[in-house]
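Data block below; observations after.
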Amino acid sequence: MRELRWLLRAGPPIAALAAAAMLGSVALGTTRGVSGQAARTGPLGAGCAKATALVAAARAPVPVSPQAAAGEAAYAVRPRLGADGALAGQIVELGTAAATSVRLELPPESFAAGPFGRLVVVGVDDGRRSTLRAFDATRGCSWTLATESDVIRRATLDPAAGDVYEFRVDRETRADLGVWRRPLVGRAAVRVVAPLAADDRHGTTFSTELSWSADGDVLVVQSCGMTSCRTRLLMTADGGVRSVEADDQGEVIGLVDGLLIAYAACRGLPCPIQSVDVTTGERATLAAAAGLARIVATGAGPRLLHEVGGDDDRGLRLVDPVSAASASLPVDAPGWRVVATPSRAGGSERIPPGWAPLSPDGRATEPGQGTTLLRLEDGTTIELTGVTR
Amino acid sequence: MIRTNRRSIAAIVLPALLALAPPAAAHSPDPVLSGPLWAQDQNVRFRWRAGEAPPAAMQTAIKAAAADAGATRRSRAATFTPDPAGTSWINYGLDVGCGVNGLACFNRVSAPNSFTMSFREQGHVFDWGILRWCQLTANQPDGCYDAENIALDEFGHVEILNHHVNFDDQRDYLDAVVQAYSRAKPRVGWSAHAFGRCDVASLQRKYDVALPTSKYSTCLDLSTNLSIAASATYVPYPGSVTFTARLLVTDLAEYERLGGNPVSGRTVSIQSRLPGGAWTAVATMTAGPAAGSYVYRATQLQATADWRAVFAKPAGEGIRGASSPVVTVAVSGCTKPPCPLSVEAP
């Protein structure tokens with residue numbers, strides 16, 4: 001393992017240094033809304049006032065090296081439990097691998113998504129209205145994106161088009177209200193994906209998650225019942241919607257080259273990973289018994305990276321979703337797990353192509369705690385060590 | 001500081017596609033997961049994960065579910081015992097293994113060494129609303145989920161079980177606890193605390209039954225094989241013969257560990273007929289010395305007759321009836337004619 005204490009070396013990104021200068025978490029002292037953060041940064045966030053800066057932050061290029069990744073946006077969401085064990089709220093930490101820029105204590109109905117460039121979208125519902133904000137995770141300031149009386153359950157950004165997509169439910173009935181799109185700046189939202197009809201095969205919808213195809217041009221809207229899922233694809237270019245209702249579909253891992261890659265409906269691990277051709281419906285099994293998994297960018301295109309084996313013999317497989325060709329990838333990092341998809345891992349960070357994040361338990365590493373990256377080409381691991389706050 | 005420890009990559013191109021097992025038909029034994037089994041009767045010890053232990057009432061429910069699993073497995077499946085030194089752990093509130101949906105989840109990738117299990121926190125917000133565990137909610141209102149039932153479902157997964165495939169109208173819902181859609185109070189089955197018969201069926205196939213006398217789940221439909229042997233097939237008049245029957249589960253690959261099992265403690269009768277005549281019940285055979293064996297001693301035989309053992313399909317058990325082949329016992333050598341029948345010794 002190669003440990004890189006980047007602050008001791010030349011070249012930490014300027015943004016990261018700025019974040020490090022801000023240092024430390026911000027205990028908001030409130031469990032409702034983001035008022036504490038708002039008080040610190042103002043309604044639009046200190047230093048984040050210009051709309052053009054918002055779009056620019058969303059379009060910040062992907063890091064090209066691990067050193068650059070150390071200064072890239074990262075976030076982690078953790079539940080905060082009360083003394084009685086009940087969910088009291090969510091703790092959202094924003095920052096980089098090196099430093100936490102903002103620590104938010106949010107109500108139970110809240111979420112974070114990203115990063116999109118330097119941005120992390122944070123949604124908060126206070127029981128009366130939902131508010132969406134975009135935080136520049138590297139700086140800790142924010143922009144308000146939307147306020148709605150409906151409950152915004154999830155949101156995501158399309159940086160290229162400069163749009164926000166929201167999944168909403170009715171505040172009283174919790175009925176699906178569909179997916180809505182609004183520009184990052186200005187204008188009201190319009191519904192772009194209709195509410196999902198009830199289907200006894202899947203039961204009540206537990207969670208609807210928004211993610212993107214590897215190319216970033218298709219919004220993946222997946223609604224899961226207690227066990228199985230249905231997926232709809234929104235072609236952002238023309239607004240077309242396509243349903244993918246493969247039998248036994250579980251949680252989506254990614255959409256690559258027209259192949260929806262998802263677990264089977266397992267509710268646990270190990271679990272098969274399947275691909276479904278969204279045009280023909282043709283299915284293939286990419287992994288018979290996989291652990292945690294994610295899509296990784298490589299020089300040869302997106303690949304499925306998944307765990308195989310247990311604690312004593314865990315290994316990695318890298319799979320070409322199109323050809324199903326695979327290779328094993330031994331890892332010399334004791335106790336590692338693959339950091340899974342953001343919704344499963346409770347966070348994410350921006351990493352360069354050809355690398356994958358590891359952590360002790362598969363959860364996203366909290367900002368400021370460093371991160372371990374695995375180079376897919378040769379199995380090298382690098383630890384970006386966080387700074388001491 | 002830079003520390004480097006680079007390992008070369010041994011790239012191994014693996015076989016391409018692995019087919020999934022075909023889905024189980026409705027009302028069949030539960031489908032099963034991939035991955036290794038536990039050892040038969042393995043006692044798997046679990047602890048609460050440090051810093052993520054469930055609230056006390058949840059712990060009580062989970063431990064009760066572990067006991068339920070052991071008490072109702074009706075097989076040699078693993079048992080689960082709480083133990084602070086256990087290598088398996090259960091946690092609450094953090095759920096990286098669970099994904100986005102579901103109330104709880106498991107990880108058995110390290111079986112047969114250990115497992116993990118995770119439960120969502122009370123108050124977790126889903127699209128449909130707020131999760132309430134009955135054990136953590138005053139007066140257990142409708143809509144709450146029974147943690148003991150959900151934990152038993154998860155222990156079933158940890159064993160090897162996948163979700164039961166129900167009929168469309170769900171009339172067989174109570175045949176399994178390991179369900180894709182667990183029910184909230186007060187729907188039927190919401191508080192089931194025992195494995196259902198189709199859960200048990202798969203546990204029996206995978207782990208075997210405990211004893212030859214153990215009952216097979218009614219969710220199974222196993223064919224049986226009944227053999228018979230006579231101590232002699234030619235006896236003097238009036239002779240005696242001991243018949244020994246052996247009842248086995250037919251040795252078929254799809255029966256997995258159950259194939260070839262001796263079946264004891266059942267009712268096996270012996271029948272006879274004169275050549276060309278109708279079968280007549282003679283007696284119920286008694287337990288023999290070997291597992292699955294049944295014996296009957298016929299005395300004062302005066303006529304040549306056919307004999308067979310018969311095992312009628314029992315009520316309340318998932319094995320079929322069987323009849324043995326026919327064995328003919330010839331009686332001869334009478335000293336005071338007219339003899340009833342005259343045969344030549346073989």
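The values are calculated or read from the model by the stated rules, or taken from the named source; none is laboratory data. As the structure is a prediction and not an experimental result, all values here were calculated from the model. Backbone-built Cβ (ideal geometry, glycine too); neighbour counts: all protein chains shown. In case anyone asks, the SASA skips ligands and DNA or RNA and just uses the protein heavy atoms, side chains included. Shrake-Rupley method; radii C 1.70, N 1.55, O 1.52, S 1.80 Å.
Overview of values
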| quantity | calculated |
| --- | --- |
| Alpha carbon Rg of chain A, scaled by the compact-globule rule 2.2 N^0.38 Å | 0.94 |
| Per-residue mean of C-beta atoms belonging to partner chains within 10 Å, peptide A:78-86 | 6 |
| Computed magnitude of the charge dipole of the range B:26-132 (debye, nearest 20; Cβ of K, R +1, Cβ of D, E -1) | 260 debye |
| Calculated P(r) tail over 23 Å for the range A:94-251, as whole % of Cα pairs | 38 percent |
| Occluded residues from the range B:78-109, i.e. those whose accessible area drops by 50 Å² or more once the chain is not alone (1.4 Å probe) | B:Leu94, B:Val96, B:Val100, B:Asn101, B:Phe106, B:Val109 |
| The protein assembly as shown - percent of accessible surface contributed by carbon and sulfur, probe 1.4 Å | 53 percent |
| Residue (of B:Pro236, B:Thr218, B:Leu258) at the positive-pole extreme of the range B:214-279, dipole from beta-carbon charges | B:Pro236 |
| Accessible surface buried once B binds A (1.4 Å probe; total of both sides; Å²) | 5500 Å² |
| Average beta carbon contacts from partner chains per residue of A:325-331, 10 Å cutoff | 5 |
| Cross-link reach list, aspartates and glutamates versus B:Lys63, counting only Cα pairs under 20 Å and skipping chain neighbours closer than eight places | A:Asp84, B:Asp41, B:Glu52, B:Asp83, B:Asp95, B:Glu121, B:Asp146, B:Glu148, B:Asp153, B:Glu154, B:Glu159, B:Asp199 |
| Net charge dipole size for the range A:204-275 [Lys, Arg +1 and Asp, Glu -1 on Cβ; Debye, nearest 20] | 220 debye |
| Cα-centred dipole magnitude for chain B, charges only on beta-carbon of K, R (+1) and D, E (-1), debye, nearest 20 | 760 debye |
| Helix-only CD estimate at 222 nm, as mean residue ellipticity for chain B, using -39500 (n - 2.57) per DSSP H run (n ≥ 4) | -4000 deg cm²/dmol |
| Overall form of the range A:121-174 per C-alpha gyration tensor (a/c, 1.5; a/b vs b/c) | oblate |
| Per DSSP, loop trypsin sites (Lys or Arg not before Pro) in the range A:199-256 with at most 15 further Cβ within 10 Å | A:Arg201 |
| Residue-normalised accessible area of the range B:138-179, expressed per residue, 1.4 Å probe, Å² | 34 Å² |
| Reach of B:Lys215 by Cα under 13 Å, taken over aspartates and glutamates that are not fewer than 8 positions away in the same chain | B:Glu317 |
| Three-way shape label, the range B:39-189, alpha-carbon gyration tensor, a/c 1.5 | oblate |
| Average beta carbon contacts from partner chains per residue of A:260-273, 10 Å cutoff | 6 |
| Cβ-derived FRET efficiency at R0 30 Å, A:Asp215 paired with A:Arg191, nearest 0.05 | 0.80 |
| Given charges at Cβ of Lys, Arg, Asp, Glu: the range B:60-219 dipole, positive-most of B:Val158, B:Ala201, B:Cys105 | B:Ala201 |
| Aspartates and glutamates whose Cα lies under 13 Å from that of A:Lys50, excluding same-chain neighbours fewer than 8 positions away | A:Asp136 |
| Peptides ranked, highest mean first, by Cβ atoms within 10 Å: ranges A:284-291, B:166-173, A:122-129, A:364-371 | A:364-371, A:284-291, A:122-129, B:166-173 |
| Distance (nanometres) between label positions extended 7 Å along Cα→Cβ at A:Asp378 and B:Trp279 | 7.7 nm |
| Amide H contacts under 5 Å for A:Leu286, placed H, 5+ residues apart | A:Ile273, A:Gln274, A:Ser275 |
| Length-normalised contact order of chain B in % [C-alpha pairs under 8 Å, at least 6 apart] | 15 percent |
| Distance in nm between pseudo-label sites at A:Glu245 and B:Glu254 (7 Å out along the Cβ direction from Cα) | 3.0 nm |
| Solvent-accessible area per residue for the range A:74-157 (1.4 angstrom probe, square angstrom) | 23 Å² |
| For the range A:109-125, 3J(HN,Hα) per residue [Karplus equation, 6.51 cos²θ - 1.76 cosθ + 1.60, θ = phi - 60°, Hz, x = Gly/Pro] | 8, 8, 7, 9, 8, x, x, 10, x, 8, 8, 10, 8, 10, x, 9, 10 |
| Modelled FRET efficiency - R0 35 Å, B:Ser227 with B:Ala194, Cβ distances, 0.05 increments | 0.50 |
| Calculated FRET value between B:Asp306 and B:Gln42, using beta carbons and R₀ = 60 Å, to 0.05 | 0.80 |
| Separation of the B:Thr242 and A:Asp277 label points, Cα + 7 Å toward Cβ, nm | 6.9 nm |
| Cα gyration tensor, the range B:129-186 - rounded (a/c under 1.5), prolate or oblate | oblate |
| Helix B:147-159 axis, angle to chain B major axis (alpha carbon atoms, nearest 10°) | 60 degrees |
| Crossing angle, helix B:197-207 versus chain B [Cα axis fit, 0-90 degrees, rounded to tens] | 80 degrees |
